[in-house]
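The values are calculated or read from the model by the stated rules, or taken from the named source; none is laboratory data. Predicted model only: the values in this text are computed from it and were never measured. Using ideal geometry, Cβ is built from the backbone for each residue, glycine included, and neighbour counts are taken over all protein chains shown. Accessible surface areas use protein heavy atoms only, side chains included; no ligands, DNA or RNA. Shrake-Rupley method; radii C 1.70, N 1.55, O 1.52, S 1.80 Å.
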Amino acid sequence: MSLFDNLVRYGMPLVPKPIVGRVARRYVAGETLEDAVRTIRSMNDQGAMATVDVLGEEVRDSELVRAAVDEYLEVLDRLEAEGLDANVSIKPTMLGLKIEESLCADAVMAIVARAAELGNFVRIDMEDHTCTDATLRIYRRVREEHPGAVGVVLQSYLRRTSTDLNDLLPLKPNIRICKGIYREPRSMAWKDFETIRANFVYNMEKILDHGGYAGIATHDTFLVWAGMSAVDRRRLDRESYEFQMLLGVDPELRRIILSEGHRLRVYVPYGRDWYPYSIRRLRENPTVAHHVIRAMVGVSS
Ligand code: FDA
């Protein structure tokens, strides 16, 4: 990233919200479930599966937790009714993790129970390191009741990830492995690019070697290659892993992965609370300054 891109990246909270909205449109399906359904159908038509994220995080009011659960139940029913190839991804802090762990666990259980009834699946996203222990506890608890209907995420930038994975391996878990997106202190997280990559590969291979299911979530072509070669070396069938990518990021890579016969799932966020998610995505965009400036001078991005 150029110095200028970095300046814009860190100055992002100063960029007016309507400009952020314009530039971030590609990362979000829209504000409504209708918008999400349209995007998922288009992904399915292109041969990709989807996972739906209702945008929202850091909820501090238990009424809003109930509303979030209801919305996810509606999403699951709608996916079933429309015959779409999609599951859901949930964020523990949207489901009350910062209010009370047991409230969050009950909320996750309710969503996973409905998914299990419908033969669908729920991925528990991983947030910053203050959430890791509680998220893994909730995953284990819910998994005991509904083993095939829930999975979790591990982040290769966290130093603790290999240990967390070792503890989970006897369960043959379903794990999305990703680099990690939150700003973490050096005491908790690897900071250099190559170490994070190496830790991604190390943990991905461990999941595959122990009969787990790997969601290989990356747009880094080196890691996509590492995933493809890892499944090839092990002669794994295409049902025992999937690639995962975010909506709006590198559609050409998405087509390449699909054309080589792998399964791929696109993360499709929707909802009114799009701002924090969009800021995180824009910070990762290597040409963010270019897009922000074009939007500011009124050129469509
Ligand atoms: P990297 O950041 O190196 O990107 C590789 C290349 O992709 C870049 O060079 C660039 O070309 C392109 N690219 C990446 N981001 C872009 C963007 N926003 N706009 C344009 N181009 C972009 N994290 C987390 O902490 N908890 C979670 O639960 C999840 N869940 C999750 C689900 C899925 C399906 C994906 C794909 C990712 C996540 N993440 C996540 C995010 C993840 O941790 C990570 O931050 C991003 O995937 C970026 O890392 P890459 O591996 O893509 O590499």
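Brief remarks on what is shown
- Taking the convex hull of the alpha carbon positions in the range 16-104 and averaging its projected area over all directions gives 6.7 nm².
- Rounded to the nearest 20 debye, dipole of the range 29-270 from Cβ charges on Lys, Arg, Asp, Glu: 940 debye
- ³J(HN,Hα), Karplus 6.51/-1.76/1.60, whole Hz, each residue of the range 114-130, x for Gly, Pro: 5, 4, 4, 4, 8, x, 10, 8, 10, 9, 8, 5, 10, 9, 5, 5, 6
- Percent of beta bridges antiparallel (DSSP, the chain, rounded to nearest 5): 5 percent
- For Y267, the amide hydrogen comes within under 5 Å of the amide hydrogens of T51, M245, L246, L247, counting only partners 5 or more places away or on other chains and with H modelled in the peptide plane.
- Ranked by the mean number of other Cβ atoms within 10 Å of their residues, highest first, the peptides 14-21, 64-71, 121-128 fall in the order 121-128, 64-71, 14-21.
- Fully extended contour minus Cα-Cα distance, from K17 to R183, at 0.36 nm per residue: 57.6 nm
- Using a Förster distance of 45 Å, the FRET efficiency for Y275-R235 (Cβ separation, nearest 0.05): 0.50
- Spatially proximal lysines relative to K179 (Cα-Cα < 21 Å; intrachain offsets below 8 disregarded): K91, K191, K206
- For the range 29-270, averaging the sequence separation of C-alpha pairs within contact (under 8 Å, six or more residues apart) and dividing by the residue count gives a relative contact order of 21 percent.
- Heavy-atom surface analysis with a 1.4 Å probe gives the range 29-270 a carbon and sulfur content of 50 percent of its accessible area.
- Helical mean residue ellipticity (222 nm; -39500 (n - 2.57) per DSSP H run of 4+; nearest 500) of the chain: -15000 deg cm²/dmol
- Estimated vicinal HN-Hα couplings, Hz - the range 11-21 in sequence order (Karplus 6.51, -1.76, 1.60; Gly, Pro = x): x, 3, x, 8, 6, x, 4, x, 5, 4, x
- For the range 94-217, accessible area per residue (1.4 Å probe, heavy atoms of protein chains only), Å²: 41 Å²
- Ranked by the mean number of other Cβ atoms within 10 Å of their residues, highest first, the peptides 133-139, 31-37 fall in the order 133-139, 31-37.
- Segment M296..D35, full-extension length gain: 91.4 nm, with 0.36 nm per residue of separation and the alpha-carbon distance subtracted.
- Among 147-159, 194-206, the order from most to least packed when residues are scored by Cβ within 10 Å on average: 147-159, 194-206
- Base-10 log of normalised Debye intensity for the range 29-270 (one unit scatterer per alpha-carbon) at q = 0.15, 0.16, 0.17 Å⁻¹: -1.06, -1.22, -1.39
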